[in-house]
Amino acid sequence: MRSSTVVSTEQLAQHLHDPDWLIFDCRFTLTKTDAGKLAYQQGHIPGARYVHLDDDMSSAVTPTSGRHPLPDAKGFADKLSRWGVDSSKQVVVYDDSFGSMAVKMWWLLRWLGHDNVALLDGNWQMWVKHKLPVTTELPKIIPAKFEPHVREALLVDTEEVDFARRERCSVLIDARPEQRFAGEREPLDKVAGHIPGAINWVYEENLDFDGTYLPAEELKESYLKLMHGLKPNQVIHTCGSGVTACHNMLAMEIAGLHGSKLYAGSWSEWITDPKRPVATGEGHEHRVHLTDDPLGCA
């Protein structure tokens, strides 16, 4: 069994001692960056490696970058090798925040060409709720050789976002909470608001009451409405720093709407140049499909 979207707690429990399944604990809190590692040390799914959003999944912040710049592809591939990942492994990622952090690890592996990576549906809370095994022991890791095959098609940069929004040939979906999108409050970034033309779809909208993703058909119905006639590869996902945006990207993959793209720098990169426009308000407008060329008329 291989998955590129989600796996259930039952499925993971069945493969807990399978050497071809590797688990990554991605718990992280933006306002207290050591909280996830401390939680991991107090208890985690057996065999799970801990991966840190700032230290492992991001490179150093620069004056023109967002808060979580992409890691160097080769450097991250070397880490994956040290963690035991190779092309034969099914990787499962989880956190304790509805997948909002772990989805970045899911996306990074796909970016580097590894399809067999899935989010634990329901995450840590569901695992604990079902009284499944928890340990404080560190995993015994056998290093492997991860060969990266970078997929640049999964990404867009700031210039592409600006061009696409001006030409009205893509839809930009922002995963942040409504108040941050509208510019009513901004606890993390220096400027409040959103990229003009973006629409707001808070990532929690992808979830059922128990914290698992909604059924594929429900997700598909929602995203087709958001896409407003556009194709999946004309969808750009954004958020504050390119993390929770991946939650919406995963939702589209579950829905069978393949090929959407990530603006990895997201809002925190957009605002590094004061010449770039900023919008506030609810942002209910939809972009109109004016071209058949993916992404923006290029």
Does Gly36 fit the bill of being part of a loop (DSSP other than H, G, I, E, B) and surrounded by 16 or more Cβ atoms within 10 Å (Cβ to Cβ)? no
Looking only at the range 234-252, decide whether some residue is in a loop (DSSP other than H, G, I, E, B), surrounded by fewer than 22 Cβ atoms within 10 Å (Cβ to Cβ) and at pLDDT 95 or above. no
Restricting attention to the range 62-71, does a residue exist that is out of contact with any Ser or Thr (no Cβ under 8 Å at 6 or more places or on another chain), at pLDDT 95 or above and not in a loop (DSSP other than H, G, I, E, B)? no
Can you find a residue that is surrounded by fewer than 20 Cβ atoms within 10 Å (Cβ to Cβ) and at pLDDT below 95 anywhere in the range 220-229? yes
Look at Pro46 and say whether it is surrounded by fewer than 17 Cβ atoms within 10 Å (Cβ to Cβ), at pLDDT 95 or above, touching a Pro at 6+ places or on another chain (Cβ under 8 Å) and not assigned by TED's automatic domain parsing to the domain that holds Ala251. yes
Look through the range 11-33, keep the residues that are part of a helix (DSSP H, G or I) and touching a residue at least 24 places away in the same chain (Cβ under 8 Å), and return whichever of them is surrounded by the most Cβ atoms within 10 Å (Cβ to Cβ). Leu12
Given the conditions (1) without any contact (Cβ under 8 Å) to a residue 40 or more places away in the chain; (2) farther than 18 Å from Leu119 by Cβ; (3) not basic (Lys, Arg), which single one is not true for Glu218? (2)
Can you tell me which condition Arg2 does not meet? The list is (1) surrounded by 18 or more Cβ atoms within 10 Å (Cβ to Cβ); (2) outside any strand (DSSP E or B), and all the others hold. (1)
Just one of the numbered conditions (1) more than 23 Å from the chain's Cα centre (by Cα); (2) without any contact (Cβ under 8 Å) to a residue 60 or more places away in the chain is not true of Arg168; which one? (2)
If I filter the range 93-120 down to residues being part of a loop (DSSP other than H, G, I, E, B) and among the small types (Gly, Ala, Ser), which single residue comes out as nearest to Arg82 (Cα to Cα)? Gly113
Checking Phe146 against (1) under 19 Å from Ser65 (Cβ atoms); (2) hydrophobic (A, V, I, L, M, F, W, C); (3) in the same structural domain as Arg82 (by TED's automatic domain parsing), the condition it does not meet: (1)
Can you tell me which residue in the range 205-231 is farthest from Val7 (Cα to Cα), limited to those that are out of contact with any helix residue (DSSP H, G or I) (no Cβ under 8 Å at 6 or more places or on another chain), assigned to a helix (DSSP H, G or I) and of a type in the set (A, V, I, L, M, F, W, C)? Leu226
Selected residue (only one of Ser65, Ser59 is surrounded by 15 or more Cβ atoms within 10 Å (Cβ to Cβ) and either farther than 19 Å from Lys37 by Cα or out of contact with any Cys (no Cβ under 8 Å at 6 or more places or on another chain) (or both)): Ser65
Taking the conditions exactly as written (in contact with a Pro (Cβ under 9 Å, 6 or more places away or on another chain) and touching a residue at least 24 places away in the same chain (Cβ under 8 Å)), does Pro69 satisfy them or not? no
Which helices (runs of 4 or more DSSP H) does the range 121-204 wholly contain that include 1 or more residues that are surrounded by fewer than 17 Cβ atoms within 10 Å (Cβ to Cβ) and modelled with pLDDT under 95? 158-167
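The values are calculated or read from the model by the stated rules, or taken from the named source; none is laboratory data. Computed from a predicted structure; not experimentally measured. Heads up, the Cβs are rebuilt from the backbone with ideal geometry, glycines too, and the neighbour counts pull from every protein chain shown.
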